[in-house]
Amino acid sequence: MSELKAIRVAYGEALASLGEENEKVVVLDADLAHATMTATFGSKFPERFFNAGIAEANMVDMSAGLSTMGYIPFCSTFAVFGAGRAYEQVRNGVAYPNFNVKLGMTHSGITLGEDGGSHQAIEDMALMRVIPGMTVVVPCDANETHRAVKAVADMKGPAYLRLARLPSPVFEEDMPFEIGKANVLKEGKEAVVFACGIMVATALECAKRLESEGISITVVNMHTIKPIDQNCILKYASGCNHVITVEEHSTIGGLGDAVGEVLLNNKCNVSFKKIGVEDRFGQSGKPEDLLEEYGLSEKQVYNQIKGVLNR
Amino acid sequence: MMDIDELKKICREIRKDIINMTADAASGHPGGSLSAVELMAGLFYTQMKVDPENPDMEDRDRFVLSKGHAAPCYYAVLGEMGFFDKAEFKNFRQLHSILQGHPDAKKVPGIDASTGSLGQGISIAVGMALGAKAQKKDIKVYALLGDGELQEGQVWEACMAAANYHLDNLTIIIDNNGLQIDGTNDQVMSLGDLSSKFKAFGFQVLELPDGNNLEEVLAAYSISTMEGKPKCILAHTVKGKGISFMENQVGWHGKAPNEEERQQALKELEA
Ligand SMILES: Cc1ncc(C[n+]2csc(CCOP(=O)(O)OP(=O)(O)O)c2C)c(N)n1
Ligand SMILES: [Mg+2]
């Protein structure tokens, strides 16, 4: 896990190679093409790239219209605007008619950094998860982003991709990727940690540290938040006493609640801890300072896991 | 009224503050901050009824920075006027700072609306103007918008409401610098004939050939409003104004100067 690469950079590349394979793929952006990296596609296929200007609501419904003409639109902006400002367009324009639109929203979470709380989407997974028929995918690294883009293009219907801004570790293994099927990265006895996005690497590092202290835990890359992999959750929850979730998102409505619902609905008798942003807005700061402030640095996640294990 | 040469000096200080703030933070938006200096300083120093000693003064005039990314210019103006200690400039965009990347009304004395999501500020200003009218108060409301920002449909919803409610206590100022992030306005999404559009929406329109010329800006501000009509000042400006290598360069929208560029910029401003 030495190489660093931004998930959004991989997103741009993945779109460009998808564009080569499938001429039905079109890409829309809202004056942030060099930030979301859709410009990588745009420079290769200018005739299939549409800048909507600073008009996110219009962009989402234009994508809806394009999908009815046989295209596979990927539309992108920052997550706060794509999932937030254009929410009702996503709900009624795209999801209600079950149109084949892919929402690739970048700069999610607090690691967006210096632009501050107005720009940091900490609620987008929650917003998207409650929409009927919406698939929600959160790739953990650059490699997985390539596979996720391909997978959502191959499925029919609306999908939301949550894509991080900062360079983050790239995993060495070529993991399989199937929507709705979690990847178990490491098996252990004392607890299971379900993580998504850039927190997967953090959870793995914590697990390695615990391993060196003789504590073994399972780490699961929960790349699909919806449909959630119920079988995987139940299998690993029943094999240990503690279930922990880690996400760069509000602890309300995101991965933690998606996992928690499965546990409750199935009467799992385990201890349960959600690690994430605790019901407050983000703020300006360097990404690493923000992770520390919001309890999501490696050290803090490690401490919180240890606290749960009571060791 | 303040002496115009004095105000020109202040504008130069504001430009230095913008450069230093973004360079210290190694992030932020110098281009659209620099284009708005005369528009914002002219407004705050000569027009607005505000009191740095008493930022929550009742019946003060209101300003909304609808193009919230020009926060460095806003902070520089408020800091130079004494709304808060200029030592805060150093903390711009740092953890726990009152000077967030985009204006946060909870944190900064003198700021009445939190902005950063484009297109929303003008609606907030319309609400303020409506509230002032409903209370029959002599409160003037101003909003500063970017030209790219005008692509948001919400802006036009707000304009419609401003005319519908005859908000002649509202002035919107357009920082028409021709650039946004992905290119020129025309490369991204053409805005068409803005002057006609605002007129058609029921605004009194004043077009400024040079919105970085303080004399012109002050003259426009002093023209009285037509009864029953909101006012629009359409100011042609230069993005990155005052720094040779930033002027009209789209790349300086959201990029901070490095140390060498900071020194070069400060030297140009001293000259
Ligand atoms: C709703 C929304 N969409 C996108 C952005 C990202 N963004 C910040 S500044 C900007 C370009 C603004 O251009 P313009 O209004 O012309 O500002 P200026 O040239 O004066 O800096 C964009 C797209 C945003 N802040 N808000
Ligand atoms: Mg502009």
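Every read-out reported here was derived from the displayed coordinates using simple, explicitly stated rules and does not represent laboratory data. Owing to the predicted nature of the structure, the values given are computational and were not obtained by experimental measurement. Here the Cβ is made from the backbone with ideal geometry for all residues, glycine too, and neighbour counts use every protein chain on show.
Some points to look at:
- Largest-first principal axis extents, alpha carbons of the range A:4-169, Å: 39, 31, 27
- Overall form of the range A:152-239 per C-alpha gyration tensor (a/c, 1.5; a/b vs b/c): oblate
- When the P(r) is computed for the protein assembly as shown, the part past 32 Å accounts for 49% of the Cα-Cα pairs.
- Across chain B, the mean sequence separation of Cα contacts (distance under 8 Å, 6 or more residues apart), normalised by length, yields a relative contact order of 24 percent.
- Between B:LEU269, B:GLN94, B:VAL126, the Cα set farthest toward the positive side of the dipole of the range B:4-270 (charges on each charged residue's Cβ, about the Cα centre) is that of B:VAL126.
- Relative contact order of the range B:22-114, taken over Cα pairs closer than 8 Å and 6 or more residues apart, is 30 percent.
- Within the listed set A:VAL26, A:VAL130, A:VAL152, the Gaussian network model of chain A (springs between alpha-carbon atoms below 10 Å) gives the highest mean-square fluctuation for A:VAL130.
- Over all directions, the projected convex hull of the C-alpha atoms in the range B:51-197 averages 9.4 nm² in area.
- In chain B, helical runs assigned H by DSSP with n ≥ 4 each contribute -39500 (n - 2.57); averaged across all residues and rounded to the nearest 500, the mean residue ellipticity at 222 nm is -11500 deg cm²/dmol.
- Peptides B:208-214, A:190-196 ranked from most to least packed, by the mean per-residue count of other Cβ atoms within 10 Å: A:190-196, B:208-214.
- Exposure proxy order (Cβ contacts within 10 Å, fewest to most) of A:MET155, A:MET69: A:MET69, A:MET155
- Each of A:LEU309, A:GLY239, A:ALA30 was placed along the dipole of chain A (beta-carbon charges, centred on the mean Cα), and the one lying farthest toward the positive end is A:GLY239.
- Value of relative contact order over the range A:183-309, rounded to a whole percent, pairs C-alpha under 8 Å and six or more apart: 27 percent
- Antiparallel content of DSSP bridges confined to the range A:4-169, in %, to 5: 15 percent
- Surrounding net charge for A:GLY84, when Lys and Arg each add one and Asp and Glu each subtract one, Cβ distance under 10 Å: -2
- Which of B:SER190, B:TYR74, A:HIS107, positive extreme of dipole for the protein assembly as shown (C-beta unit charges): A:HIS107
- Of A:ILE54, A:ILE110, A:ILE72, the residue with the greatest mean-square motion in the GNM of chain A, using alpha carbon springs below 10 Å, is A:ILE54.
- Computed magnitude of the charge dipole of the protein assembly as shown (debye, nearest 20; Cβ of K, R +1, Cβ of D, E -1): 1380 debye
- B:MET246, A:MET134 arranged by Cβ crowding within 10 Å, fewest neighbours leading: A:MET134, B:MET246
- Other residues lying with their Cβ under 14 Å from the Cβ of B:LEU266 contribute a combined charge of -3, Lys and Arg counting +1, Asp and Glu -1.
- Scaling against 2.2 N^0.38 Å puts the C-alpha radius of gyration of the range A:240-290 at 1.35.
- Using every pair of separate Cα atoms, the Kirkwood estimate puts the hydrodynamic radius of the range A:183-309 at 14.5 angstrom.
- Taking each residue as 0.36 nm, the span from B:LYS136 to B:LEU95 lengthens on full extension beyond its C-alpha to C-alpha distance by 10.6 nm.
- Debye intensity ratio I(q)/I(0), log10, the range B:4-270, q values 0.10, 0.12, 0.14 Å⁻¹ (C-alpha model): -0.45, -0.66, -0.92
- Largest mean-square fluctuation among B:ALA132, B:ALA25, B:ALA87, in a Gaussian network model of chain B whose springs join Cα atoms under 10 Å apart, belongs to B:ALA87.
- Rg and Dmax of chain A, Cα atoms only, in Å: 18.6, 59
- Check: the range A:4-169 dipole with +1 on Lys, Arg Cβ and -1 on Asp, Glu Cβ, in debye: 300 debye
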